[in-house]
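**Q** One structure, pasted below without further comment.
Bear in mind these aren't lab numbers, they're just calculated from the coordinates by the rules spelled out. Please read these numbers as outputs of a predicted model, since none were measured by experiment. When we count neighbours, we look across all protein chains shown, and the Cβ atoms used for this are built from the backbone with ideal geometry, even at glycine.
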């Protein structure tokens, strides 16, 4: 390791030793997830060379056709995390029910939720995809002895209860973006060394922006506040905003959010006539991304209120998501309130 470079392990140890933000079990859990992301990155990079492209011929719990890499990424994360002794259970966007820790392995105090391969519809066209994860503390059992029974109810905690969240984006470089509650930090995978290195410390999202990310093909279905906001952006310098906006849309949440945390912008997947509750998953996508965005100085909302304060009603609950540069998110929220 070159002098002065801070590895993910050193970063986490300093959060444990110097700031007491995390304990040894949480540190090991994050390191394990990071190692799994390296394995997924390798599988994504191999692509057709390893026969990893195309459909798996199955549907997930959401009724969506699974890609081969969806299934493989899910298996990698399960196998990496079930034996370490720091988890009570895991939950995946690809599985209907929580995955209990096998009885022959010790259990821990944490719950891990993940979207194993976000944006997988882009795999076959070689566009960036990624992994999103969230960590919650498992509530104590009602008796006060031991940890909870890690059923679905144990996972149904608001985003404000998260103690860590992150995502990996598998693009030209593999990046890991992480928060443990003291800001948002970015790590680049050094493939020769095999480790994540801190390259983007204390990321801050500009409060103002001239970029928006939204699927314009759904315009005819949007609610009035969203249509008003986008119409104003499209009106440019001659419109009420008095400046030109650019649209960016990758259709891979990890890629769109990574762009926003590095240079600002607003990401919107609002509710509409087709998706009346919203399109994205609260527990696997909206909550962890909101935690990351807020820790970087941004904001997130479902249009009505702060996303991380939404009380979950189900493991696969869908919500509207609007997040990014603070002033733009607040503007959209104000339009909804009006």
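**Q** Before we move on, is residue 234 closer than 22 Å to residue 258 by Cβ and either within 21 Å of the chain's Cα centre (by Cα) or surrounded by fewer than 17 Cβ atoms within 10 Å (Cβ to Cβ) (or both)? Explain how you work it out, then say what you get.
**A** Values: closer than 22 Å to residue 258 by Cβ: no; either within 21 Å of the chain's Cα centre (by Cα) or surrounded by fewer than 17 Cβ atoms within 10 Å (Cβ to Cβ) (or both): yes.
In short, no.
**Q** Which residue out of 275, 218 is farther than 21 Å from residue 169 by Cα, touching a strand residue (DSSP E or B) at 6+ places or on another chain (Cβ under 9 Å) and outside any helix (DSSP H, G or I)?
**A** Going through 275, 218 in turn, the sole match is 275.
**Q** Same structure, new question: Spot the failing condition for residue 267; the list is (1) surrounded by fewer than 23 Cβ atoms within 10 Å (Cβ to Cβ); (2) not in a helix (DSSP H, G or I), and only one is missed.
**A** The one condition residue 267 does not meet is (1).
**Q** Being part of a helix (DSSP H, G or I) and without any contact (Cβ under 8 Å) to a residue 40 or more places away in the chain is the filter here; which residues of region 225-242 pass it?
**A** The answer is 227, 230, 231, 232, 233, 234, 235, 236, 237, 238.
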